Amino acid sequence: MSLISATRLQERAASIRLIDARQNSADYAAGHLAGAFHADLNRQLSTASDATHDPARGGRHPLPPAARFAAQLGAWGIGPDTEVVAYDASGGSNAAARLWWMLRALGHKRVAVLDGGLQAALEAGLTLTAELPVPAPRDPYPADRWRLPLAEAEAVEAIRRDGTRKLLDVRAAERWRGDLETLDPVAGHIPGSVNLAWNDNLCPDGRFKSPEDLRAQYEALLAGTPPDRLTVHCGSGVTACHTLLALEVAGLRGAALYVGSWSEWCRSDRPKAGTHLPPPEEQTHR
């Protein structure tokens with residue numbers, strides 16, 4: 001189970017550990033689904049708040065050490081037998097899907113993203129509370145490494161040149177083209193990448209497209225490339241997890257995540273492509 005409907009969540013709420021993955025902790029404090037703990041993207045789902053954080057080495061949201069995340073899961077009372085549902089207010093993109101991927105990458109199977117997010121929950125009759133849940137801590141989750149495929153920048157350099165592989169950038173098309181950039185110092189994309197924005201995974205109501213529609217969408221993009229020859233990235237390895245979730249829903253498993261993504265790549269001397277950049281062959285790079 002990778003997605004759960006708000007109706008199904010309402011039926012099973014008593015047996016589920018809810019995690020609110022909205023970025024703004026003030027939004028969580030103002031009101032969240034009953035029993036939900038807050039997952040902070042910068043402190044718990046990445047090392048962005050660490051004093052040693054350098055976006056040139058790992059991007060804006062590097063993964064924390066697996067053992068550190070395992071300890072956090074224990075603090076939330078999550079063990080191998082716990083059913084977990086993550087939600088946010090952005091269709092799972094920020095950062096419920098990131099939490100989903102991280103749990104899966106530790107080997108946890110019983111985790112899903114709330115389809116349609118917080119809005120769907122409210123439409124289904126669930127209500128918000130400012131009451132904080134009482135933790136029932138457990139031992140750290142019994143895992144010490146990430147088990148799903150990951151790619152580092154050096155591997156991406158080879159992948160982008162390999163005709164048997166595909167490199168997918170899920171940022172908005174205008175950011176991929178390099179028309180604008182609001183978060184990173186350079187606009188553009190990794191040469192050789194293709195683009196399909198993460199929000200193309202969703203229907204107009206903010207819920208995921210059907211498995212059949214997602215499969216057709218990604219089979220057209222893959223054009224015969226096996227899904228385990230696909231590497232997905234975005235700006236900082238967060239919304240890329242939304243597309244990895246969509247691929248899972250579509251039954252197309254095995255794609256790798258490049259966590260550093262454009263935020264790491266653009267800060268290096270590696271080649272770049274985009275509207276306002278010289279051709280890669282004219283750039284000085286490794």
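Quick note: the coordinates plus some simple rules give every number you see, no bench work behind them. Small disclaimer: the values here were computed from a predicted structure and weren't measured. Note that we place each Cβ from the backbone using ideal geometry, even for glycine, and neighbour counts take in every protein chain shown.
A few points about this structure:
- In range of the label at residue 275: residues from segment 149-188 whose backbone nitrogen is under 13 Å from the point 7 Å along Cα→Cβ: 172-182, 187-188
- Percent RCO, i.e. relative contact order, over segment 153-282, from Cα pairs under 8 Å lying at least 6 residues apart: 31 percent
- Backbone N within segment 229-250 under 11 Å of label point (7 Å from residue 162 Cα along the Cβ vector): 229-231
- Over the chain, relative contact order from alpha-carbon pairs under 8 Å, at least 6 apart, %: 22 percent
- Computed over the Cα atoms of the chain, the ratio of the radius of gyration to the Kirkwood radius (Rg/Rh) comes to 0.97.
- Gap separating the Cα centres of segment 135-152 and segment 17-66, nearest whole Å: 15 Å
- In summary, the lysines within cross-link reach of residue 109, defined as a Cα separation below 24 angstrom excluding same-chain residues under 8 places away, comprise 209.
- Estimated vicinal HN-Hα couplings, Hz - segment 171-184 in sequence order (Karplus 6.51, -1.76, 1.60; Gly, Pro = x): 6, 4, 4, 5, 6, 4, 5, x, 5, 7, 8, 10, 10, 10
- What the Cβ-Cβ distance of residue 27 and residue 152 gives, at R0 = 41 Å and to the nearest 0.05, is a FRET efficiency of 0.75.
- Solution diffusion estimate, µm²/s, Stokes-Einstein, segment 3-129, Kirkwood Rh from C-alpha pairs, 10 °C, viscosity 1.306 mPa s: 108 µm²/s
- Angle between the chain longest axis and helix 211-222 axis [Cα atoms, degrees, rounded to 10]: 20 degrees
- Here the extension length gained between residue 51 and residue 15 equals 9.2 nm, from 0.36 nm per residue of separation less the Cα-Cα distance.
- For residue 202, the residues 5 or more places off, or on other chains, whose built amide H falls under 5 Å of its own are 209.
- Taking the number of Cβ atoms within 10 Å of each Cβ as an exposure proxy, the fewest-first ranking of 83, 219 is 219, 83.
- Beta bridges per DSSP, both residues in segment 153-282: antiparallel share near 20 percent.
- Near the amide H of residue 38, within less than 5 Å, lie the amide hydrogens of 20, all on another chain or at least 5 residues away, with H placed in the peptide plane.
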